[in-house]
Every structure is written in structure tokens, then in C-alpha cells.
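The values are calculated or read from the model by the stated rules, or taken from the named source; none is laboratory data. Fair warning: this is a prediction, and the values are worked out from it, not measured in the lab. Note that we place each Cβ from the backbone using ideal geometry, even for glycine, and neighbour counts take in every protein chain shown.
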Amino acid sequence: MSQTLILDGGMGRELKRIGAPFQQPEWSALALLEGPHFVEQAHDAFVNAGARVITTNSYAVVPFHIGQQRFEQHGERLAALAGELARRSANKAAHAVLVAGSLPPALGSYRPDLFNEADSLAIHRVLIAGLAPHVDVWLAETQSSLAEVRAVRQALGEQDKPLWLSFTLQDEDVDSVARLRSGETVSAAVAEAIKLGAAAVLFNCSQPEVMEAALDAANAVLQEQGQSLQLGVYANAFPPTPKDAKANATLDEIRADLTPQNYLGWAERWVGKGAGIVGGCCGITPEHIARLAQQLG
């Protein structure tokens, strides 16, 4: 790619920052329920900053965040609304913008131990039904294990839009091998992504410091197998997340050192390692994305 494809940043923290309805456990889904115009405002901010891919605000439209009864009654409608808002923002942009349909870990972020295939399939099929008319690519993000991405691929069924698989990495007590939060290796994850027909492999919602090792592992697998998938990175601005952290228990602090300029420094290193898609996850703002777009896009 002659230019880096710039993703958006963290939707949840941007909603909180602009005054949208925001609380635990609903997190970013609360704005869909009580203030959808804030979601469009956040999308617009990232587009105006230079993002060429915006991600639907469907990450928290799961029972883990909004409750089982509310999900059963309104899940597909809320997913459709998330898709409509992102598409509306993309359509009015001055430059071409893709809409990525966010498919989260259905049973809790950073919790591969909670995975259940049947439940995951059921939840994702609801999200897919609502999002499908509005998205250009599927983005299964913050995936902690191979089982999670296999379930996403199965839930998509005959959907033929490109699938991007994005894995979250161990970023505390790391060793010399890049690993998912399940303990499975990045090498195994990339090999699995190839088997599943993914169009891109990304790494997200982990500290910037662990991303280069993941890219190295990914490149090694691609070279060994003669594949040329796109690679991408969108890190978060959190301190390392302990393995025993309880998902959705609290709001993490944002690192003061990850200014837009410093985050750009990390992104330039990722691009140097072959990342053709770069953006930000939790705590990465439109100001960060503007700096990436100015320098890399």
C-alpha cells in the first residue's frame, strides 16, 4: 500500500469525553439507547480527523453490557442503529470512508475463559443481522483466543464481505513469545486467520509496547506460508491489564505519555514493520488520529 489506511480511535472514551450518556455496565451502548446523536458526533470527529475507516458502535451491544433481556428485545435494532449512524457519517464525509462492523468478544473482553460457542454464535448472529446492510467489512476485534474467531467466522455464514480479525495481546508479564490473552501464540492466531479466509490481521486493545513483537510473528507466518494478508495495529492508552482483571468492573486510567505525537512515534514503528492499517483503541482520540492522518495517511 502506498499509503497507510487510517482507522478511527476509541469510541467509548470519545463518547464520555463529549458528554454522551455513559456509565457501566452499558458503556458505549448507553449512547445508542439515550443519545444516538452523540454517536454520530463522535464518528464525525474521527472522520474529520482523517480516518478512512470508522467502526460501528456495536461493541457493547451484547448481554454482558446491556443485559440478556434488553439484548433479546432490542439487540438487533441497536446493532442496526449503530450501523446506520456510522454509514450516515461515512456518506457525508469529504473523502472515502469504509464502515467496519464491530463484532466484539461476545461474552466479555479479555475473558477467553468465559467463551461458550453456542452463546457466542447466537449473540453474533443478532449483531450481524442488524449490521449487515450498513457495513463494508467485518471487524472481529479484541479477540482473545482462536475459539472466539472460529465462532465469528461460523456466525458470519455466507456473508461475503471482507473479514478483518483483530487480536488483543498479553501486555503484562510478557515473555519472548507474542501471545494472545488466552496464552495462545500470535503465530497460531495468524495461521488460523489464514485458514478462516481473513483479509487482514490486526492487533488491538493492548499497549503499544507489545505490538512490534506481534507484527514480527505475523510476518514470519505470512512469509513461511507465502501469504500477503494486510496487517494492522490499533493500540489502547491503558496501563498493562492484569490477567485477573474483571472486565467491565471499572474505567481504566489513560496514560499521560501517549500524546498524539508520541503515539505517532509508535505508529511509525508499526508501519516500518509492515502494518498497512493503523488507528487507535480505547483512549485514542480524534487528535491522535489527526496526527496519524497528517503523517501517514
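Name the single residue, out of those in region 78-96 being more than 19 Å from the chain's Cα centre (by Cα) and assigned to a helix (DSSP H, G or I), that is farthest from residue 32 (Cα to Cα). If we take residues in region 78-96 being more than 19 Å from the chain's Cα centre (by Cα) and assigned to a helix (DSSP H, G or I), then 91 is farthest from residue 32 (Cα to Cα). Which members of region 218-230 meet the condition of being among the small types (Gly, Ala, Ser) and surrounded by 20 or more Cβ atoms within 10 Å (Cβ to Cβ)? Listed by number, the list holds a single entry, 218. Per the listing 147, 51, the residue uniquely closer than 20 Å to residue 204 by Cα and assigned to a helix (DSSP H, G or I) is 147.
Scan region 193-213 for residues that are part of a helix (DSSP H, G or I) and closer than 26 Å to residue 8 by Cα and report the count. Result for region 193-213: 8. In the set (1) at pLDDT below 95; (2) over 22 Å from residue 173 (Cβ atoms); (3) within 20 Å of the chain's Cα centre (by Cα), residue 256 fails one condition alone, (3).
Among the residues of region 28-48, just one is in a loop (DSSP other than H, G, I, E, B) and crowded, with 24+ Cβ neighbours inside 10 Å, namely 28. Has region 160-183 got at least one residue that is in contact (Cβ under 8 Å) with a residue 12 or more places away in the chain, assigned to a loop (DSSP other than H, G, I, E, B) and closer than 17 Å to residue 60 by Cβ? Yes, some residue in region 160-183 is in contact (Cβ under 8 Å) with a residue 12 or more places away in the chain, assigned to a loop (DSSP other than H, G, I, E, B) and closer than 17 Å to residue 60 by Cβ.
So if I check each of 108, 75, 130, which one is touching a residue at least 60 places away in the same chain (Cβ under 8 Å), touching a helix residue (DSSP H, G or I) at 6+ places or on another chain (Cβ under 9 Å) and either within 18 Å of residue 25 (Cβ to Cβ) or assigned to a loop (DSSP other than H, G, I, E, B) (or both)? Only one candidate qualifies: 108. If only residues of region 259-297 that are hydrophobic (A, V, I, L, M, F, W, C) and assigned to a loop (DSSP other than H, G, I, E, B) are counted, the one that is surrounded by the fewest Cβ atoms within 10 Å (Cβ to Cβ) is 282. Scanning region 142-191 for residues that are acidic (Asp, Glu) and surrounded by fewer than 20 Cβ atoms within 10 Å (Cβ to Cβ) yields 158, 160, 172, 173, 175, 184. If you go through region 37-53 and keep only what is over 16 Å from residue 93 (Cβ atoms) and touching a helix residue (DSSP H, G or I) at 6+ places or on another chain (Cβ under 6 Å), you end up with just 38.
Here's the yes/no breakdown for (1) among the small types (Gly, Ala, Ser); (2) within 20 Å of residue 279 (Cα to Cα); (3) touching a Phe, Trp or Tyr at 6+ places or on another chain (Cβ under 6 Å); (4) surrounded by fewer than 22 Cβ atoms within 10 Å (Cβ to Cβ):
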{"position": "51", "(1), (2), (3), (4)": "yes, yes, no, no"}
{"position": "56", "(1), (2), (3), (4)": "no, yes, no, no"}
{"position": "62", "(1), (2), (3), (4)": "no, no, no, no"}
{"position": "70", "(1), (2), (3), (4)": "no, no, no, yes"}
{"position": "84", "(1), (2), (3), (4)": "no, no, no, yes"}
{"position": "87", "(1), (2), (3), (4)": "no, yes, no, yes"}
{"position": "100", "(1), (2), (3), (4)": "yes, yes, no, no"}
{"position": "122", "(1), (2), (3), (4)": "yes, no, no, yes"}
{"position": "127", "(1), (2), (3), (4)": "no, no, no, no"}
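The residue that is surrounded by the fewest Cβ atoms within 10 Å (Cβ to Cβ), counting only those in region 1-22 that are modelled with pLDDT under 95 and of a type in the set (S, T, N, Q), is 2. Before we move on, is residue 244 under 19 Å from the mean Cα position of the chain (by Cα), modelled with pLDDT under 95 and either charged (D, E, K, R) or not in a loop (DSSP other than H, G, I, E, B) (or both)? Criteria not met by residue 244.
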